[in-house]
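> This structure is in C-alpha cells; I'll ask about it shortly.
The values are calculated or read from the model by the stated rules, or taken from the named source; none is laboratory data. None of the values given here were measured: they were computed from a predicted structure. Cβ placement follows ideal geometry from the backbone for every residue including glycine, while neighbour counts extend to all protein chains displayed. Quick note on the areas: whole protein, heavy atoms, side chains included, nothing else; ligands and nucleic acids left out. Shrake-Rupley method; radii C 1.70, N 1.55, O 1.52, S 1.80 Å.
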Amino acid sequence: TSAGRRPPRGRHDPTARRPTSVCDPYENNGKPLSQEQCAKLLPSVSDSWALVDDGTALMREIEVADFVQGSRLVSTLAAVAFNNNHYPVLTLERRLSERRRWQELVVVRCQTTVLGGLSYQDFTLAMLMDVELGRSSEREW
C-alpha cells in the first residue's frame, strides 16, 4: 500500500460460516443432505454424475480431446459456478488409461464445504453444468 494506508477490509460473507437457524442459505436446517435425500436428487442430474466419499460429494469426469480444450471447458464451467455463486473443485488431469493410452479429463467435484457434505445448491449447479455441457456438445470437448 502507498503512504502506509491499509488495504480496505473485505466484506463479510454470511455464507462462509456454518448456517444457523437465522441464516440457512442451504435450506436444510444447517445440515448436509442425507443419503436418502441425495439418492432422490441423483436422477435429476446426468448419469455421468456419481456420489463419492460416502455420499458427501458429487463428482463427474469429462473426457476431452486435448489439454487445451480441457482448459476451455474448465473456464466455461468456472463461469457457470461464478454466475451461481457456488464453487466446485475443477481439475484438469492427464491420466494413463487401462488401455495404456493418455487421456485428458476435466473432473468436477461438488460439495458444500461449510456443511461437510452436499446441499441442494450442489445438485442445482450439477444440473446447470449438464445444460452447459449439452449446449456445448457440438464443440466436442
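> Could you list all residues from region 66-77 that are more than 14 Å from M127 (Cα to Cα) and assigned to a helix (DSSP H, G or I)?
The answer is F67, V68, Q69, G70, S71, R72, L73, V74, S75, T76.
> Exactly one condition in (1) at pLDDT 95 or above; (2) open to solvent by less than 80 Å² (accessible area, probe 1.4 Å) is false for F82; which is it?
(2)
> Can you tell me which residue in region 132-141 is modelled with the lowest pLDDT, limited to those that are part of a helix (DSSP H, G or I) and surrounded by 12 or more Cβ atoms within 10 Å (Cβ to Cβ)?
Among those residues, the one meeting the criterion is R139.
> Let me ask you something else. I'd like the residue in region 104-116 that is in a strand (DSSP E or B) and at pLDDT 95 or above and, out of all such residues, is farthest from L41 (Cα to Cα).
For region 104-116, the residue satisfying everything is E104.
> Which is out of contact with any helix residue (DSSP H, G or I) (no Cβ under 9 Å at 6 or more places or on another chain) and open to solvent by 70 Å² or more (accessible area, probe 1.4 Å), of R99, R109?
R99
A quick yes/no check of all residues on (1) open to solvent by less than 50 Å² (accessible area, probe 1.4 Å); (2) modelled with pLDDT of 95 or more; (3) touching a His at 6+ places or on another chain (Cβ under 6 Å):
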residue	(1), (2), (3)
P7	no, no, no
A16	no, no, no
D24	yes, no, no
N28	yes, no, no
P32	yes, no, no
P43	no, yes, no
L58	yes, yes, no
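> May I ask you to verify whether A65 is of a type outside the set (S, T, N, Q) and more than 20 Å from N28 (Cβ to Cβ)?
Taking the combined requirement at face value, the residue satisfies it.
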